[in-house]
Structures are given as structure tokens and as C-alpha cells.
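Contents: one structure, followed by commentary.
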Amino acid sequence: MHVVSDVHGNARDLARAGEGADALICLGDLVLFLDYADHSRGIFPDLFGVENADRIVALRTARRFQEAREFGARLWAGVGADRSSVIEKAVRKQYAEMFAAFPTPTYATYGNVDMPPLWQEYAGPGTTVLDGERVEIGGWVFGFVGGGLRTPMRTPYEISDEEYAAKIEAVGEVDVLCTHIPPEVPELVYDTVARRFERGSRALLDAIRRTRPRYSLFGHVHQPLVRRMRIGATECVNVGHFAGTGTPWALEW
């Protein structure tokens with residue numbers, strides 16, 4: 001089983017991600033709004049230019065979120081009432097490319113920058129989309145929980161702690177717990193390049209301790225302080241920033 005997360009527009013490598021594996025798991029964030037390593041890539045610079053992308057990245061990195069929102073609002077004001085349709089059109093273009101690159105079979109869940117209502121339009125018969133659901137693969141039970149928790153960044157698929165905890169509860173006991181965000185452990189949620197703690201899930205951490213899956217697999221934090229650690233009987237693994245590495249993480253059993 002090959003596992004990827006945080007694809008962020010890397011369709012070229014995604015098309016090869018399933019080679020040599022029986023299946024592919026994708027843990028979300030297919031959309032690229034803004035590349036923090038290359039400010040010329042993504043929906044934001046396509047609309048507003050690299051100079052404005054430089055500015056908003058600088059504000060967010062400095063945690064000046066209110067200023068970033070105000071700056072972004074001024075830029076979006078120039079788009080007018082068509083903002084939603086402009087974003088959806090750009091996202092649809094990326095989704096058409098991403099979903100066409102998925103091998104068969106693929107099991108996928110959403111990331112915090114994804115737009116779930118669009119997925120069913122692009123997911124072909126070889127792609128199974130799961131969120132708060134479980135599936136048996138090769139004799140093991142895999143549970144999937146997508147999305148992220150609410151943050152000042154206000155990305156498209158952020159939900160409340162209560163809603164997220166309910167999805168974790170719905171999955172129940174599994175062999176492999178697949179989520180976009182990590183459990184709330186400092187070493188797993190700290191991004192060493194962005195120099196900030198991302199949001200992890202306490203409910204996920206509690207479920208790992210309670211149900212003891214073999215693996216907890218996740219992404220979201222692009223440059224974590226620690227990529228893997230054990231929590232009791234569970235091996236917790238950040239499967240990597242696929243947009244940057246182009247290399248899936250392999251699970252064998």
C-alpha cells in the first residue's frame with residue numbers, strides 16, 4: 001500500500017505514486033492555493049501575482065493573521081461578487097487533473113484545503129472517497145477521517161472539534177487509522193520551517209490510546225519536528241509532504 005498526503009497540485013508524481021503497490025491511499029489536500037516554498041505556484045498568485053503572494057505569506061508566517069485577512073479582502077474585492085465562482089473554477093481545473101492521475105484502486109479522504117462537495121463529480125469508479133468511514137483492504141480494517149480543525153487560516157474544510165470527534169468515534173476500532181491531521185502531540189504538530197504549531201486532534205490522540213490501532217497515518221504538517229513515533233502500541237507516521245518529495249510512504253503487511 002502506498003500512502004500520500006498534501007499533494008498540492010503535484011499531478012505528475014501522483015500519476016506514478018501507485019506503481020508497485022496493490023492500492024494507493026491519499027490523505028487529502030489535493031488543491032494548491034499557495035505554495036509557501038514557491039510563491040509563483042497556485043490559485044492565489046495566478047489571480048493576484050507573485051508580489052502579492054509574497055506579501056500574504058510574509059504576514060501569515062509572522063502570525064499577523066488579521067492583517068493577512070484584511071490584505072486578502074482588499075485583493076478579493078477587486079474580483080467582486082464572482083469570488084466563489086472564480087475559486088470553484090480554479091479548483092475544478094486542479095481536481096480534474098488530480099483525480100485523473102489516481103490509480104485503481106485509490107482510497108481517499110479530504111484535507112483541510114479541499115472542497116468535499118466537488119469530489120464525487122471527479123472521483124472515478126476506481127476511487128473510493130471515505131470520511132468518518134471504514135473499509136477492509138487485504139484483511140485489515142482501515143478507518144478514514146478527513147478535514148482539519150478550525151484555525152485563523154480559515155481554510156475551506158475546517159470543522160469543529162465536536163464534529164471531528166464524532167467522525168473519529170464513528171470509525172471505531174481499526175487496524176489503520178488514516179487522517180489528514182495528526183494527533184495532538186507537540187513533536188508531531190510543530191512545523192520546523194513555518195515555525196508554528198499546526199492544529200492536531202485531541203480526539204484522535206485519545207482514540208489511538210483507547211483503541212490501539214497498528215498504525216496512525218496522517219500528513220498536514222509539511223516539515224514536522226518528528227515524522228514518526230510510537231504512542232503505546234501504535235506506530236504514528238507522517239507520510240510526508242508529497243508535493244515536495246513526490247515519493248509515497250509504503251505500508252506492507
Nearest 10 degrees, 0 to 90: helix 202-211 Cα axis against the chain principal axis: 10 degrees
Portion, in percent, of the accessible area of region 47-149 that falls on carbon or sulfur, probe 1.4 Å: 50 percent
Lys, Arg +1 and Asp, Glu -1 on Cβ, resulting dipole of region 62-217 about Cα centre, debye, nearest 20: 520 debye
Average Cα contact separation per residue, region 1-141, under 8 Å, 6 or more apart, as relative contact order %: 28 percent
For the chain, with +1 on Lys and Arg beta carbons and -1 on Asp and Glu, the positive-most of 216, 234, 57 along the dipole: 57
Taking all pairs of distinct alpha-carbon atoms in region 189-230, Kirkwood radius in angstrom: 11.3 Å
Sum of side-chain charges, residue 191 neighbourhood, beta-carbon under 13 Å (Lys, Arg +1; Asp, Glu -1): +3
Protection-proxy order for peptides 66-74, 180-188, 124-132, each taking the mean of Cβ atoms within 10 Å per residue, highest first: 180-188, 124-132, 66-74
Where only alpha carbons of region 1-65 are counted, the Rg and the Dmax (Å): 14.9, 45
Reciprocal of mean inverse Cα separation for the chain (Kirkwood radius, Å): 18.4 Å
Sum of side-chain charges, residue 138 neighbourhood, beta-carbon under 12 Å (Lys, Arg +1; Asp, Glu -1): -4
Selected from 100, 201, 122, residue furthest toward positive end of dipole (region 94-253; charges at beta carbon): 201
Cα pair distances in region 66-144, grouped into 10 Å bins until the bin that holds the longest one, percent each: 15, 37, 26, 17, 6, 0
Average accessible area per residue (Å²) across region 128-253 - probe 1.4 Å, nucleic acids and ligands excluded: 45 Å²
Mean-position separation - Cα centroids, region 170-234 and region 69-104, in angstrom: 29 Å
The chain: relative contact order in percent, alpha carbon pairs under 8 Å with at least 6 residues between: 22 percent
Convex hull projection area averaged over all views, region 1-131, Cα basis, nm²: 8.4 nm²
Relative contact order of region 121-229, pairs being alpha-carbon contacts under 8 Å that are 6 or more residues apart, as %: 25 percent
Between 0 and 90°, nearest 10: helix 65-77 axis offset from the chain longest Cα axis: 60 degrees
For region 97-196, the fraction of alpha-carbon pairs in successive 5 Å shells from zero, as %: 3, 11, 19, 23, 19, 15, 8, 2, 0
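The values are calculated or read from the model by the stated rules, or taken from the named source; none is laboratory data. If you're wondering where the values come from, they're calculated on a predicted model, not measured in any experiment. Glycine gets a Cβ as well: all are built from the backbone with ideal geometry, and neighbour counts include every protein chain shown. Please note that ligands, DNA and RNA were not included when accessible areas were found on the heavy atoms of the full protein model with its side chains. Shrake-Rupley method; radii C 1.70, N 1.55, O 1.52, S 1.80 Å.
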